[in-house]
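Chemist: I'd like to ask you about the structure that follows.
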């Protein structure tokens, strides 16, 4: 479970660096106020973060549910055999 948080942290830092780099390169240096650049980075970061976190969420849910599903199916088979 800890490796998921490490992966999410590394992805977030890389994504933040990419958003800052992109805004720094494409925004007009002298005409764009800082708050516009900051809001652009925040908006892009939140938008892209969803794309990065959904696969991690699916992985976490599937690995947490798998033992329970196997256990419940085994119990169900035992109940069917007894009846």
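Chemist: Under the rule a/c < 1.5 gives rounded, and otherwise a/b versus b/c splits prolate from oblate, where does region 10-67 land using the Cα gyration tensor?
Modeler: Details: a/c = 5.40, a/b = 3.65, b/c = 1.48.
Here region 10-67 falls in the prolate category.
Chemist: At 0.36 nm per residue, minus the direct Cα-Cα distance, what do residue 15 and residue 56 gain on full extension? Give it in nm, one decimal, please.
Modeler: Once the chain is fully extended between residue 15 and residue 56, it gains 13.2 nm.
Chemist: Provide the gained length on full extension for the span residue 49 to residue 31, in nm with one decimal, where the gain is 0.36 nm per separating residue minus the Cα-Cα distance.
Modeler: Details: separation 18, 0.36 × 18 = 6.48 nm, distance 2.82 nm.
Extra length available between residue 49 and residue 31 comes to 3.7 nm.
FYI, it's all coordinate maths here, none of it is from the lab. For clarity, every value in this text was computed on a predicted model and none was experimentally measured.
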